[in-house]
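I have placed the structure first, in the form of structure tokens, so that the comments after it can refer back to it.
The values are calculated or read from the model by the stated rules, or taken from the named source; none is laboratory data. In this text the structure is predicted, and so the values were computed from the model without any measurement. Here the Cβ is made from the backbone with ideal geometry for all residues, glycine too, and neighbour counts use every protein chain on show.
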Amino acid sequence: MNFTKRALAALALAGTVASPAIAEGVKVGMITTLSGGGAGLGIDVRDGFMLAVEQSGRSDIEVVIEDDQRKPDIAVQLADKMIQSEKVDVLTGIIWSNLAMAVVPSATAQGKFYLSPNAGPSALAGAGCHQNYFNVAWQNDNLHEAAGAYANSAGYANSFILAPNYPAGQDALTGYKRFYTGALAGELYTTLGQTDYAAEIAQIRASGADSVFFFLPGGMGISFLKQYADSGVGLPVVGPAFSFDQGILQAVGDAALGVRNTSQWSKDIDNPTNAAFVASFQEKYGRLPSLYASQGFDTANLLISALDKAAVTDADAFRAALKAADFASTRGDFAFGPNHHPIQDIYVREVVREGDVLTNKIVGIALENHADAYAAECKM
């Protein structure tokens, strides 16, 4: 699918929207997941990003949007087309870390800027960092590290942990174990895209665990939570926001009530930017925003703040403007570490019901001013 700034009113349409090229300014290539089991994540990133572009009132930003179908080979093909044929200046949008690993190193090697609104694989935060790569969300381990810290404070001493077997899943369990001080009743890697968790739940039941930590984003988390609730295992569940976010909660239903999860964003973070974002997103799209939407919104506003200071054709000045992160984030204070990943608070949220809608509320802070574990390996 192809969208531009001039086609914002048609975002709900499935067809292709044509627009004349913009003579000056910046051309953004957004490759994200708009179909299949992870479509809700990409749609939220897209909608948050485009809302910020619309609110900026700028006419010099063109956004070309394509569906990667959650397939690395498709993402690579789209990136090649955007760089070589579309002549984009900046790339963004990828949700999944295996796709990011397939696209980002090549894009930055060709002199393009990549602003990640989601995927933050450890390989790109440490030795594989690049001066043109900025992650506006988090490094993959971060929310899982916070979940491990929360599990300690909750008194859990024998967790069963599981995640899909791909870069973000591996980072998830690494992050949890980095901060969690208890024993492990079991550790499993599931198949990416898996929807049947009967075998895993049977292992949890037999393990003697006192808690369960899982990272299963998108449709995987919906399937697991429903099956786990039906199983009657009943052990307390801890996870990152990816498995308890706005779109997922409506699909899971009451099985998620009371679950504690960790996030760098929540709709009840108390600052004017976040309040305005939540209200305007809900007004435009008819639904509450997710953390993915907030990340898309922040990514666009980072880009806009840099364009206010420098032209993208002046790479050094534009890079410095990105690094300054001089924009009003939905998270409040925002700063990049030396490897261009955020330093930020990570909250503990609880799933609650507000009227007819399941959502999250902040109940504490798991980690304050938290940086990732790989920055020291980054030699820019």
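Residues in region 245-266 that are closer than 23 Å to GLN139 by Cβ, at pLDDT 90 or above and not hydroxyl-bearing (Ser, Thr, Tyr): 4 in all.
Out of GLN131, GLN139, GLN110, one residue alone is touching a residue at least 60 places away in the same chain (Cβ under 8 Å) and either surrounded by fewer than 24 Cβ atoms within 10 Å (Cβ to Cβ) or hydrophobic (A, V, I, L, M, F, W, C) (or both). It is GLN131. I'm trying to understand the selection: among the residues of region 327-337, which are farther than 15 Å from ASP270 by Cβ and assigned to a loop (DSSP other than H, G, I, E, B)? Hits for region 327-337 are PHE327, PHE334, GLY337.
Scanning region 254-280 for residues that are at positive phi and surrounded by 21 or more Cβ atoms within 10 Å (Cβ to Cβ) returns no hits. Taking every residue in region 310-339 that is among the hydroxyl-bearing types (Ser, Thr, Tyr) and surrounded by 14 or more Cβ atoms within 10 Å (Cβ to Cβ) and pairing it with any residue that is at pLDDT 95 or above and not in a helix (DSSP H, G or I), at least 6 positions away or on another chain, the pairs with Cβ-Cβ distances below 8 Å are THR330/TRP265; THR330/ILE269; THR330/ASN271.
Restricting to region 203-253, and then to whatever is polar (S, T, N, Q) and closer than 27 Å to ALA183 by Cβ, can you tell me which residue is surrounded by the most Cβ atoms within 10 Å (Cβ to Cβ)?
Restricting attention to region 203-253, the residues satisfying the condition of being polar (S, T, N, Q) are 203, 207, 211, 223, 227, 231, 243, 246, 250.
Cutting the leftovers down to closer than 27 Å to ALA183 by Cβ gives us 203, 207, 211, 227, 231, 243.
On the way: GLN203: 16, SER207: 17, SER211: 20, GLN227: 17, SER231: 14, SER243: 23.
Out of the qualifying residues, it is SER243.
Given the residues ALA321, ALA373, ALA366, ALA317, which is the only one that is of a type in the set (Gly, Ala, Ser) and part of a strand (DSSP E or B)? Break it down into steps so the answer makes sense when it comes.
On the way: ALA321 fails: part of a strand (DSSP E or B); ALA373 fails: part of a strand (DSSP E or B); ALA317 fails: part of a strand (DSSP E or B).
Result of the check over ALA321, ALA373, ALA366, ALA317: ALA366.
Of the residues ALA79, ALA100, ALA75, ALA52, which is out of contact with any His (no Cβ under 8 Å at 6 or more places or on another chain), among the small types (Gly, Ala, Ser) and under 19 Å from ALA306 (Cβ atoms)? Can you show your working first?
On the way: ALA79 fails: under 19 Å from ALA306 (Cβ atoms); ALA100 fails: under 19 Å from ALA306 (Cβ atoms); ALA75 fails: under 19 Å from ALA306 (Cβ atoms).
The match here is ALA52.
Exactly one residue among ASP47, ASP80, ASP67 is over 17 Å from the mean Cα position of the chain (by Cα) and modelled with pLDDT of 95 or more, and that residue is ASP80.
When ALA163 is tested against (1) within 21 Å of the chain's Cα centre (by Cα); (2) more than 22 Å from LYS226 (Cβ to Cβ), exactly one condition is not met: (2).
So that you can scan it fast, the table gives a plain yes or no per residue for (1) assigned to a helix (DSSP H, G or I); (2) under 20 Å from the mean Cα position of the chain (by Cα):
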| site | (1), (2) |
| --- | --- |
| TYR292 | yes, yes |
| ALA306 | yes, no |
| ALA310 | no, no |
| ASN339 | no, yes |
| GLU350 | no, yes |
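Would a scan of region 102-113 turn up a residue that is part of a loop (DSSP other than H, G, I, E, B), of a type in the set (Gly, Ala, Ser), modelled with pLDDT of 95 or more and more than 21 Å from the chain's Cα centre (by Cα)? Within region 102-113, one or more residues are part of a loop (DSSP other than H, G, I, E, B), of a type in the set (Gly, Ala, Ser), modelled with pLDDT of 95 or more and more than 21 Å from the chain's Cα centre (by Cα).
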